[in-house]
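*Asks:* Starting off with a structure, shown below.
The values are calculated or read from the model by the stated rules, or taken from the named source; none is laboratory data. In this text the structure is predicted, and so the values were computed from the model without any measurement. Cβ: placed from backbone, ideal geometry, glycine included. Neighbour counts: every protein chain shown. Side chains are part of the model used for accessible areas, which takes the heavy atoms of the whole protein and leaves out ligands, DNA and RNA. Shrake-Rupley method; radii C 1.70, N 1.55, O 1.52, S 1.80 Å.
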Amino acid sequence: MNKLAKHSNEILMHLEWIEKRYIDGRKENKKADFFDEVKPYADKVKKELDVWQEEALLFLQTKATKKLWPMQINSAYDQIETCSIQAFYPETSKSRFTNQLQSAKFVVETLLRIVEESEV
């Protein structure tokens, strides 16, 4: 598995955790401490996102595709970064959070499919 596929899978695992954290937090109406929980997790996700974004944009430069554009990678980056923080706050709009999460997940999954198809 190449590095971009590995990082894409890592991002997908983060997205699953983010979604679960948001759902559980809403059920329990539980806010998180910013410096103890939110910031360390958001920093961890951002570090992974920085690598993923750079590799994804390089990949799209070398493998021209009509299925995915650099703007979508950048948008997914922003959405994931935002969701990694908003997941800790139960007052976050459910529809907005869900839409951002699904949109980002679609981009990452599409990229992963393109990467895997290009390796065959």
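*Asks:* Looking at (1) 0.96; (2) 1.44; (3) 1.01, which value of Rg/Rh (Cα atoms, Kirkwood Rh) comes from a calculation on the structure shown?
*Replies:* Only one option fits the structure, namely (3).
*Asks:* What GluC sites (Glu not before Pro) does the range 24-120 have in DSSP loop regions with at most 13 other beta carbons within 10 Å? Display every interim value, and only then the final one.
*Replies:* Details: sites: GLU28, GLU37, GLU48, GLU54, GLU55, GLU81, GLU91, GLU109, GLU116, GLU117, GLU119; in loops: GLU91.
Listed in order of number, the matching sites are GLU91.
*Asks:* A further question follows. Given a 1.4 angstrom probe, what's the average accessible area per residue across the chain, in square angstrom?
*Replies:* 60
*Asks:* Run through the range 17-120 and list the trypsin sites (Lys or Arg not before Pro) located in a DSSP loop whose Cβ has at most 12 other Cβ atoms within 10 Å.
*Replies:* LYS30, LYS63, LYS66, LYS67
*Asks:* A follow-up question, please. Counting only protein heavy atoms, what percent of the accessible surface of the chain is carbon or sulfur at a 1.4 Å probe?
*Replies:* Details: 3910 of 7260 Å².
Using a 1.4 Å probe with all protein chains present, the chain comes out at 54 percent carbon and sulfur.
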